[in-house]
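Just so it is clear, none of the values below were taken in a lab; they were calculated from the coordinates. The model shown is predicted, which means the values in this text are computed figures rather than measured ones. Methodologically, a virtual Cβ is constructed for each residue, glycine included, from the backbone with ideal geometry; neighbour enumeration extends over all protein chains shown.
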Amino acid sequence: MSATAQENFSGTRPVAPQHAFDEARLSQYLRAHLEGFRGVLEVQQFKGGQSNPTFLLTAGEHRYVLRRKPPGVLLASAHAVDREFRVIRALANSEVPVARAHLLCEDEQIIGTAFYIMDYVEGRVFWDSALPGMQREQRAAIYDELNRVIAALHRVDPAAAGLADYGKPGGYIARQVARWTKQYRAAQTERIEAVERLIQWLPEHIPLEGQTRIVHGDYRLDNVIFHPSEPRILAVLDWELSTLGDPLVDFAYHCMAWHMPFDTLRGLRGVDLDALGIPTEEAYLQRYLSRVGGQSVARADWTYYLVFNMFRLVGILQGIVARALQGNAASALALETGKRTRPLAEQAWELAQSALVQH
């Protein structure tokens with residue numbers, strides 16, 4: 001599975017027909033608006049990514065990345081490339097490593113949808129949470145760096161970064177539950193009983209809210225670029241779901257890997273963590289809390305955060321299924337990925353029932 005995942009999602013491929021655009025028009029636009037752009041434009045599409053189609057642009061000695069909204073009918077508020085561009089720009093001088101963002105184009109006449117351009121960052125992207133082929137010490141260092149960077153993000157003062165209005169203050173979880181319920185309904189293709197139960201359970205058990213910070217929304221191993229040879233993150237990618245909110249909820253999403261079966265992409269459940277050199281979820285959480293200056297988190301609250309994030313992922317997967325059926329999903333494996341929707345919903349509901357015991 002791991003080798004296949006690395007092959008399926010790494011590198012580039014020719015542009016998919018449903019994502020093709022007028023490359024000459026783009027080249028003309030970039031010559032006029034992107035300083036230093038010169039040479040013949042070549043376009044390839046990255047294999048990875050399910051949401052916003054992403055392209056490698058080569059021109060002369062420069063390489064850039066273009067992220068665009070997908071074509072077709074889109075869910076409201078989804079695929080917000082303008083927000084991605086804004087947050088990457090705002091974090092440029094922080095401890096959070098991001099690619100240099102150059103320009104945002106909201107003129108749909110250029111390539112059909114809004115897009116932005118950032119630097120291409122050379123490095124490694126890992127698609128398997130178990131990090132096959134590495135030494136224990138290497139895995140431990142990579143996970144510690146993942147932990148360090150998300151803690152650095154959650155220490156950023158939104159107002160100081162110019163992002164005080166990047167999300168609404170307070171009520172984050174309630175809004176997120178409502179949003180992902182709406183997103184799920186908009187993309188629903190079948191009735192899943194576990195999802196119906198979660199939709200009822202989640203609003204009734206919201207914990208007290210913590211501090212407000214910038215949350216990434218999709219922070220995971222394959223959304224960061226590591227240095228080609230060092231256990232050092234050079235850029236955090238895919239800020240589409242970022243907003244202001246409760247950082248512990250964001251961190252719990254990142255920790256879902258410990259709850260996903262090892263035979264599915266990004267899962268760690270069922271692997272020998274100690275043998276691999278990967279920390280337990282509890283040790284990883286404690287390291288994060290020490291880095292952000294937090295004291296502790298109640299077990300029932302932590303379980304709720306995990307349940308909510310599983311539900312949220314159910315909504316994301318359902319959106320992938322809906323786009324695949326429309327024919328405009330970013331990944332050729334979209335329908336296969338979407339098959340995880342029902343089992344994940346059932347796992348989330350089972351975990352929700354365990355939360356009642358913890359109170």
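Structure data summary
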read-out: Fewest-first sequence of F308, F21 by Cβ atoms within 10 Å of each Cβ; value: F21, F308
read-out: Least to most buried among R179, R13, R191 (fewest other Cβ within 10 Å first); value: R191, R13, R179
read-out: Surrounding net charge for E190, when Lys and Arg each add one and Asp and Glu each subtract one, Cβ distance under 15 Å; value: +2
read-out: Spin-label model distance (nm) - R185 vs L103, 7 Å beyond Cα toward Cβ; value: 4.1 nm
read-out: Formal net charge of residues neighbouring L276 (Cβ-Cβ distance under 10 Å; K, R +1; D, E -1); value: 0
read-out: Estimated FRET transfer efficiency (K339, E193; beta-carbon r; R0 22 Å; 0.05); value: 0.85
read-out: Sorted by Cβ neighbour density within 10 Å, fewest at the top, the residues L91, L313, L333; value: L333, L313, L91
read-out: Segment V15-Q200, length gained on full extension (0.36 nm per residue, minus Cα span); value: 62.4 nm
read-out: Partner lysines for K47 [C-alpha distance under 25 Å; skip if fewer than 8 residues away on the same chain]; value: K69, K339
read-out: Computed FRET value (nearest 0.05) for A275 with T58, which takes r as the C-beta separation and R₀ as 41 Å; value: 0.50
read-out: Selected from P247, Y166, I214, residue furthest toward positive end of dipole (region 136-358; charges at beta carbon); value: Y166
read-out: Most mobile listed residue (L248, L221, L131) in the chain, GNM with C-alpha springs under 10 Å; value: L131
read-out: Dipole in debye (nearest 20) - the chain, about Cα centre, beta carbon charges: Lys, Arg +1; Asp, Glu -1; value: 400 debye
read-out: Cα centroid of region 212-252 to Cα centroid of region 106-185, whole Å; value: 3 Å
read-out: Among V15, V96, V40: highest mean-square fluctuation, GNM of the chain, C-alpha pairs under 10 Å; value: V40
read-out: Packing-based order for 316-324, 254-262, 192-200, using average beta carbon neighbours within 10 Å, highest first; value: 316-324, 254-262, 192-200
read-out: Choice from G277, G39, G315 showing the highest fluctuation, given a GNM over the chain with Cα pairs closer than 10 Å; value: G39
